[in-house]
Amino acid sequence: MQYPANTLEHYWMPFTANRDFKADPRLVVRAEGVHYWNHRGERILDGSSGLFCSAAGHGRPEIAEAVAKQLLEMDFAAPFQMGHPAAFEVARRVAALTPGDLNHVFFVNSGSEAVDTALKIALAYASARGEGRRQRFVSRERAYHGVNVGGTSLSGIMKNREAFGALMPGVVHMRHTWLPENRFTKGQPAKGAELAEDLQRIAELVGGNTIAACFIEPIAGSTGILVPPTGYLERLREICDAHGILLVFDEVICGFGRTGKAFAAQSFGVTPDMITMAKALTNAAQPMGAVAIRDDIYDTVVDAAPEQSVELFHGYTYSGHPAACAAALATLDIYERENLFERAAEMSPYFLDSIFALEDMPGVTDIRGYGMIAGVDIAPGPVPGMRGYEATKRLFRAGLHVKFTGDCALVAPPLIAGKSDIDEICSILREVLGGMEE
Ligand SMILES: Cc1ncc(COP(=O)(O)O)c(C=O)c1O
């Protein structure tokens with residue numbers, strides 16, 4: 001297939017150094033299994049599942065065929081006051097995977113929309129309960145909750161906020177959970193559960209009954225894979241319960257097997273009130289996100305509205321798009337048929353051992369990891385993030401795609417990756433990162 005691209009200028013690329021990219025583009029044109037191919041036909045190993053989303057590997061014909069069939073049968077159905085069967089079926093399948101009584105599913109098109117939807121549901125729930133003063137939210141330093149205004153307000157990453165003004169009022173941030181004494185801890189660090197007390201302090205400062213929800217990535221992903229200290233999530237749950245605060249797990253990265261179970265909530269044994277998800281829900285073959293919601297929240301909001309009236313004035317034209325639903329159903333079939341969540345749990349020790357073996361490299365300052373995801377910090381140069389960016393480019397040229405945030409490599413291969421793929425990821429990382437030290 002020919003891909004005409006006479007100029008790169010018109011496309012304003014997201015989260016990209018546009019000028020630098022356009023001077024020396026990294027284009028990919030084909031993907032299959034754990035590999036991409038660039039426009040020169042060179043093979044690139046996918047060390048980050050695209051963007052933590054292609055869990056079942058690229059180019060799965062089952063998904064492509066299901067999407068094509070759906071588009072030919074019915075390309076679109078208006079999602080308001082009308083429905084199509086596949087959306088109900090995806091909701092049922094997702095609800096079956098979530099823990100506890102998170103049995104209701106609201107569809108969106110991305111992780112960012114999932115987060116902003118959960119924010120609005122938390123407010124609507126408070127309002128339906130006659131607790132309209134619960135309008136504050138708590139999140140965490142170094143958090144990433146997408147890029148819409150709500151999610152940016154929750155964000156704890158300065159670069160993602162600083163150009164955009166004051167954003168949504170009423171968001172308070174807890175401290176992040178990276179502690180120097182936990183460096184090079186595989187799995188959950190022993191120290192740091194007491195950081196959850198920040199939520200208690202905030203509740204005592206502003207009034208726990210003014211907080212609608214606390215948003216947490218169980219493993220803070222985009223910032224560099226911060227695994228929750230033992231006891232931390234449990235304590236957050238207790239504090240939320242004590243003050244009637246909803247606990248929301250943002251599992252846009254963690255969800256669908258990354259931690260060895262369907263959701264990190266199950267891996268860590270803590271059940272939130274809502275889970276936001278996207279990415280691997282469709283194996284990234286179609287844009288789709290979702291919010292899973294506890295029975296009581298759904299019932300309260302729905303029952304508070306008069307009969308025959310819309311209960312939640314929220315939704316997107318493409319909520320539960322038929323093509324996305326077809327992709328989700330085909331993807332969930334693959335996860336089940338190939339036991340990919342269990343496979344991730346089984347492969348995790350090999351993956352983590354291999355990544356943690358990079359600990360002996362002089363430029364590596366910390367490694368963290370859990371399940372099939374790990375963060376490798378490299379020593380920053382004079383401008384933070386620049387060495388990470390240089391590493392991204394060098395790794396790509398050496399045949400490995402790894403997403404960096406700042407100076408941290410976020411390694412998360414597709415869950416179908418074999419030991420030899422993991423070996424190759426680690427040997428390219430060693431060679432390229434080692435070369436940068438010379
Ligand atoms: C935890 C978390 N929430 C939300 C998002 C935003 O998802 P999207 O880019 O699909 O809007 C991401 C993206 O990486 C994420 O990691």
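Quick notes
- Options ALA143, ALA122; residue that is under 18 Å from the mean Cα position of the chain (by Cα), buried (at least 22 other Cβ atoms within 10 Å of the Cβ) and over 24 Å from ALA328 (Cβ atoms): ALA143
- Just one of the listed residues (VAL301, VAL291, VAL376) is of a type outside the set (Asp, Glu) and out of contact with any Phe, Trp or Tyr (no Cβ under 7 Å at 6 or more places or on another chain), and it is VAL376.
- Residue in region 116-124 that is of a type in the set (Lys, Arg), within 16 Å of the ligand (Cβ to nearest atom) and assigned to a helix (DSSP H, G or I) present: yes
- Every residue from region 103-115 that is in contact with a Pro (Cβ under 8 Å, 6 or more places away or on another chain) and either away from the ligand (no atom under 16 Å from the Cβ) or not in a loop (DSSP other than H, G, I, E, B) (or both): PHE107
- Candidate set from region 253-284 (those that are within 23 Å of VAL411 (Cβ to Cβ) and more than 14 Å from the ligand (Cβ to nearest atom)); member that is surrounded by the fewest Cβ atoms within 10 Å (Cβ to Cβ): GLN266
- Region 312-339 residues that are on the phi < 0 side of the Ramachandran plot, paired with ones that are at pLDDT below 95 and buried (at least 19 other Cβ atoms within 10 Å of the Cβ) (beta carbon under 8 Å, 6 or more apart): none
- ALA96 falls short of the stated requirement of being over 21 Å from GLY224 (Cα atoms), among the small types (Gly, Ala, Ser) and buried (at least 18 other Cβ atoms within 10 Å of the Cβ).
Conditions tested, residue by residue: (1) charged (D, E, K, R); (2) touching a residue at least 24 places away in the same chain (Cβ under 8 Å); (3) in a helix (DSSP H, G or I); (4) more than 26 Å from ARG43 (Cα to Cα).
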| residue | (1), (2), (3), (4) |
| --- | --- |
| TYR350 | no, yes, yes, no |
| ILE355 | no, yes, yes, no |
| THR365 | no, yes, no, yes |
| GLY369 | no, yes, no, yes |
| TYR389 | no, yes, yes, no |
| LEU395 | no, yes, yes, no |
| ARG430 | yes, yes, yes, no |
| GLY434 | no, yes, yes, no |
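- Of all the listed residues (ALA64, ALA77), the sole one being surrounded by 12 or more Cβ atoms within 10 Å (Cβ to Cβ) and in a loop (DSSP other than H, G, I, E, B) is ALA77.
One line per residue, one yes/no per condition, for (1) of a type in the set (Phe, Trp, Tyr); (2) in contact (Cβ under 8 Å) with a residue 24 or more places away in the chain; (3) not assigned by TED's automatic domain parsing to the domain that holds ALA292:
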{"residue": "LEU45", "(1), (2), (3)": "no, yes, yes"}
{"residue": "SER48", "(1), (2), (3)": "no, yes, yes"}
{"residue": "LEU51", "(1), (2), (3)": "no, yes, yes"}
{"residue": "LEU72", "(1), (2), (3)": "no, no, no"}
{"residue": "ALA77", "(1), (2), (3)": "no, yes, no"}
{"residue": "GLU89", "(1), (2), (3)": "no, yes, no"}
{"residue": "ARG92", "(1), (2), (3)": "no, no, no"}
{"residue": "ALA95", "(1), (2), (3)": "no, yes, no"}
{"residue": "GLY100", "(1), (2), (3)": "no, yes, no"}
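- Selected residue [over 23 Å from ASP353 (Cβ atoms), at pLDDT below 95 and out of contact with any strand residue (DSSP E or B) (no Cβ under 7 Å at 6 or more places or on another chain)] from GLY435, GLY406: GLY435
- Selection status of GLY269, under 25 Å from ALA374 (Cα atoms) and free of Cβ contacts under 8 Å to residues at least 40 places away in the same chain: yes
- Under the condition of being surrounded by fewer than 12 Cβ atoms within 10 Å (Cβ to Cβ) and not in a loop (DSSP other than H, G, I, E, B), the residues counted in region 1-42 number 3.
The values are calculated or read from the model by the stated rules, or taken from the named source; none is laboratory data. Here the structure is a predicted model, which means the values were calculated and not measured. Glycine gets a Cβ as well: all are built from the backbone with ideal geometry, and neighbour counts include every protein chain shown.
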